[in-house]
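Remarks on the structure that follows.
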Amino acid sequence: MTPAEQDQIYISGVNCYLNIINLVVDTSIFVQNILGYLATFHQVEVDIVKSETQALPLSLAITEVIQICLTQIIIVTGDLVICWRAWVLLPHDKFWRFVLSIVTICNIGINIAAPIFDELGVTSSPAVLLVVDWASTAISLVVNMTATSLIGWKAW
């Protein structure tokens, strides 16, 4: 391998790491924006309900919303880390990378939707809320099992 090829590989690796860091930063900013929107929606909801019933103090209600959202963020972050590990170990397996990306996108979507459904009461049916909660748990389990299986397969 020539020095020029080594430099090119090095530059590609540095760009890859910088892109990953940018993705993490952009994702955290996006999540903070969602938390801000949830807090605003919750304040409006509390103000509307306050005149009808005795509501929680606003600081406790917002703290509860943030705790729920941070729990989902921790779960999604863990799932993204395990998928990233499997992704790195399978550089030439486009089918498995496609499967990982589809499952991860579904996981992110359902884990963003679950606290929104819970907090905003998008539907009046408790069965739908239960299904969304179970789906978020199930898809997270599928992501972890898929990625861990691929890592184990590659190690074997």
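Readers should treat all values here as calculations from the given coordinates under stated rules, not as data from a laboratory. Model, not experiment: these values are computed from the prediction. Don't worry about glycine lacking a Cβ; one is built from the backbone with ideal geometry, like all the others, and counts go over all protein chains shown.
Miscellaneous remarks
- The calculated FRET efficiency for the pair residue 30 and residue 156, based on their C-beta separation and a Förster distance of 41 Å, comes to about 0.65.
- Modelled label positions at residue 84 and residue 64, each set 7 Å beyond Cα in the direction of Cβ, lie 3.4 nm from each other.
- Residue 18-residue 131 FRET efficiency (beta carbon distance; Förster radius 41 Å; 0.05 resolution): 0.55
- Using the alpha-carbon positions of the stretch 86-156, Rg (one decimal) and Dmax (whole number) come out as 15.2, 49 Å.
- Residue-by-residue Karplus 3J(HN,Hα) for the stretch 142-156, coefficients 6.51, -1.76, 1.60, Hz, glycine and proline x: 4, 4, 5, 5, 4, 5, 5, 5, 5, 5, x, 4, 5, 5, 6
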